[in-house]
Amino acid sequence: QKNGGLSAATGLAGNPKKEQIFKGVDFRKFSFDYQFFPRSSTEARKVLAIIEEFKFHMHPEFLDNNNFVYVYPSEFDIVYYHDGQENMKLHRHTSCVLSDLSVNYTPNGVFNTFPDGMPTQINISMTFQELAMPTKELIAQGL
């Protein structure tokens, strides 16, 4: 025990809370949840095409034919807009990757489709993880 003799002699002990609480900072994660209610099979196909794009870009690819080296998944730069301009009243993100995508075709507990089998409601949840660690300096710069 560090400084055990001094503690016994003086009746004082150091406060270990600071070391126990801060062990490091994780990369920030955040989620977006969307509900789609397509009015036709055509709209449902467009929603599924959007989902496929996200699914495609969230995964890595192989650099070589031996499947030995990965190329990182696509990066996303998420910006909030208001009236055609970046909304500086909302928080900002560093570049991120899509780490999880879940699709629910039965959000109300009942599976329902258009006559051709396209779903009538689709809910998605996307979790993104930032690639840069936010620091006080970045926050001061408006991150």
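The values are calculated or read from the model by the stated rules, or taken from the named source; none is laboratory data. The structure displayed is predicted, hence computed values, not measured ones. Don't worry about glycine lacking a Cβ; one is built from the backbone with ideal geometry, like all the others, and counts go over all protein chains shown. Just so you know, the surface numbers come from the protein's heavy atoms only, side chains and all, with ligands and any DNA or RNA stripped out. Shrake-Rupley method; radii C 1.70, N 1.55, O 1.52, S 1.80 Å.
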TODO: Return the carbon/sulfur percentage of the accessible area of region 53-143, one whole number, probe 1.4 Å, all protein chains in place.
DONE: 53 percent
Open item on the list: With θ taken as phi - 60° and the coefficients 6.51, -1.76 and 1.60, list the Karplus ³J(HN,Hα) couplings across region 133-142 in order, rounded to whole Hz; mark glycine and proline as x.
Closed with: 7, x, 10, 4, 5, 5, 4, 5, 8, x
- [ ] Search the structure for amide H atoms under 5 Å from the amide H of Ser99, placed 1.01 Å from N in the peptide plane, and list their residues when 5 or more places away or on another chain.
- [x] Thr127, Phe128, Gln129
Open item on the list: At a 10 angstrom cut-off on C-beta neighbours, averaged per residue, how do the peptides 95-102, 25-32 rank from highest to lowest?
Closed with: 95-102, 25-32
Task: Global geometry of region 24-88, whether rounded, prolate or oblate, following the gyration tensor of its Cα atoms and the 1.5 cut on a/c - done: oblate
Open item on the list: Would region 67-143 count as rounded, prolate or oblate if I go by the C-alpha gyration tensor, calling it rounded below 1.5 in a/c and otherwise prolate when a/b exceeds b/c, oblate otherwise?
Closed with: oblate
Task: Solvent exposure of region 51-143 as accessible area per residue, Å², 1.4 Å probe - done: 72 Å²
